[in-house]
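The values are calculated or read from the model by the stated rules, or taken from the named source; none is laboratory data. Everything numeric in this text was worked out from a predicted model, so none of it was measured. Note that each Cβ is placed from the backbone with ideal geometry, even for glycine, and that neighbours are counted across all protein chains shown.
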Amino acid sequence: MKDLVLYCKSYRRDFLRLKRLLESIQKYNVEQIPFYISTPQDQLDELKNILGSNIEYHWVSDESIIAANPRAKPGIEKTRTGSLAQQAIKSEFWRLGISENYVCLDSDCIFLKEFSHKDFIASDGNPYTVIYQNKEFFQLAIDRKHPRVEENLRLEGDRVKTLFDREGPNYYCPCPPFIWSSKVWRSLDEQFLIPRGLSFWDISTPEHPETLLYLEALLNFQAIPLHPIEQLFRIYYYDWQFYLLRRLGESEDRLSKNYLGVIYQSNWDSDLDLGAPQKSLLSRVNKRLKRFLRYLQSYL
């Protein structure tokens, strides 16, 4: 078993973003940490066509990850929305026994500078844990008159914390990359899920995101020492946030002083969506108009 790998669960719509991520990994992965990709089995040929033959990666099927959990029913991913299936599959990657720890990336991640094991693994061999209270982003959302952003994330944290009967502050790790330990996922399985006759698919819901389930499992069962760090990538969750911070002088070059990479989240940055648009022309025009208005708002 390897000590560390990079991993991304992707699917057809994100293959162009995935190619961009792979190119950045190829450029900055100075220690050649192995990179794994999972997709549905029936999308492998298209993946190969998009990525080409000049970039090295290892592929596994989503179906093999699902089958590695004996308590997950075959085809269970087809009973979930795409986003819910994705968060369960990437959280269950540890079951393949490929690596003790994995850096879980999203397709819209981009590395901006060289990285190595020491960015993810502490001197005692245990992974760092990205964990913080998210106050800076909450305050920015409030200042820009987006109070629901803070409210929704706070309620999300409250729900998962209550699931584990923990009191105290809410902690977050909403931004990839996530540095995940198989020991933590195993402790969640053996000490929480199995005694209740559950699988991860039963608790992975819109109300209980996988990022908070991991953090609460670590805090409750302490399968590894807690080595806290702040987020590794700058993430632009919303276009209004992107426009505002760019207006304040942020650039990829300046970001590389403090961050390993950047994420232009695909829920608003749709330029690299693969395939025909899924929404009507009127809907797309309306979306672009709203984005332009938020761009103008960044001046206020």
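Here are the numbers for this structure:
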item	result
Sole exception among (1) surrounded by 14 or more Cβ atoms within 10 Å (Cβ to Cβ); (2) over 20 Å from residue 260 (Cα atoms) for residue 155, by number	(1)
Condition met for residue 251 (of a type in the set (Ser, Thr, Tyr) and free of Cβ contacts under 8 Å to residues at least 24 places away in the same chain)	yes
Residue list for segment 95-114, restricted to those being aromatic (Phe, Trp, Tyr) and either out of contact with any Phe, Trp or Tyr (no Cβ under 6 Å at 6 or more places or on another chain) or farther than 12 Å from residue 25 by Cβ (or both)	102
Segment 236-261, subset crowded, with 21+ Cβ neighbours inside 10 Å and closer than 18 Å to residue 22 by Cα, residue nearest to the chain's Cα centre (by Cα)	261
Residue tally, condition within 13 Å of residue 212 (Cβ to Cβ), in contact with an Asp or Glu (Cβ under 7 Å, 6 or more places away or on another chain) and among the β-branched types (Val, Ile, Thr), over segment 132-182	1
Check on residue 188, free of Cβ contacts under 8 Å to residues at least 40 places away in the same chain, surrounded by 15 or more Cβ atoms within 10 Å (Cβ to Cβ) and not aromatic (Phe, Trp, Tyr)	yes
Residue that is part of a helix (DSSP H, G or I) and touching a Phe, Trp or Tyr at 6+ places or on another chain (Cβ under 8 Å), where the choices are 18, 47, 6	47
Lone unmet requirement of (1) at negative phi; (2) surrounded by fewer than 16 Cβ atoms within 10 Å (Cβ to Cβ); (3) without any contact (Cβ under 8 Å) to a residue 60 or more places away in the chain for residue 71	(3)
Subset of segment 209-223 [closer than 18 Å to residue 93 by Cα and of a type outside the set (S, T, N, Q)]	209, 210, 212, 213, 214, 215, 217, 218, 223
Selection count, segment 80-123, where residues are out of contact with any strand residue (DSSP E or B) (no Cβ under 6 Å at 6 or more places or on another chain), in a loop (DSSP other than H, G, I, E, B), of a type outside the set (Ser, Thr, Tyr) and modelled with pLDDT under 95	2
Some residue of segment 235-243 being in a helix (DSSP H, G or I) and under 20 Å from residue 101 (Cβ atoms)	no
Selected residue (criterion: surrounded by the most Cβ atoms within 10 Å (Cβ to Cβ)) from residues of segment 158-172 that are of a type in the set (Lys, Arg) and under 22 Å from the mean Cα position of the chain (by Cα)	161
Flag for residue 206 being more than 18 Å from the chain's Cα centre (by Cα) and touching a residue at least 60 places away in the same chain (Cβ under 8 Å)	no
Residue 195 vs. criteria out of contact with any strand residue (DSSP E or B) (no Cβ under 6 Å at 6 or more places or on another chain) and touching a residue at least 24 places away in the same chain (Cβ under 8 Å)	no
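Okay, residues lined up against (1) out of contact with any Lys or Arg (no Cβ under 7 Å at 6 or more places or on another chain); (2) acidic (Asp, Glu); (3) more than 25 Å from residue 266 (Cα to Cα):
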residue	(1), (2), (3)
30	yes, no, yes
35	yes, no, no
57	yes, no, no
63	yes, yes, no
101	yes, no, yes
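Residues are listed down the side, and each one gets a yes or a no for (1) within 30 Å of residue 5 (Cα to Cα); (2) at pLDDT 90 or above; (3) in a helix (DSSP H, G or I):
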| site | (1), (2), (3) |
| --- | --- |
| 137 | yes, no, yes |
| 140 | no, no, yes |
| 145 | no, no, no |
| 148 | no, no, yes |
| 151 | no, no, yes |
| 154 | no, no, yes |
| 157 | yes, no, yes |
| 160 | yes, yes, yes |
| 165 | no, yes, no |
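Yes or no, residue by residue, for (1) surrounded by fewer than 22 Cβ atoms within 10 Å (Cβ to Cβ); (2) within 19 Å of the chain's Cα centre (by Cα); (3) closer than 22 Å to residue 22 by Cβ; (4) of a type in the set (D, E, K, R):
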residue: 53; (1), (2), (3), (4): yes, no, yes, no
residue: 84; (1), (2), (3), (4): yes, yes, no, no
residue: 93; (1), (2), (3), (4): no, yes, yes, no
residue: 101; (1), (2), (3), (4): no, yes, yes, no
residue: 107; (1), (2), (3), (4): no, yes, yes, no
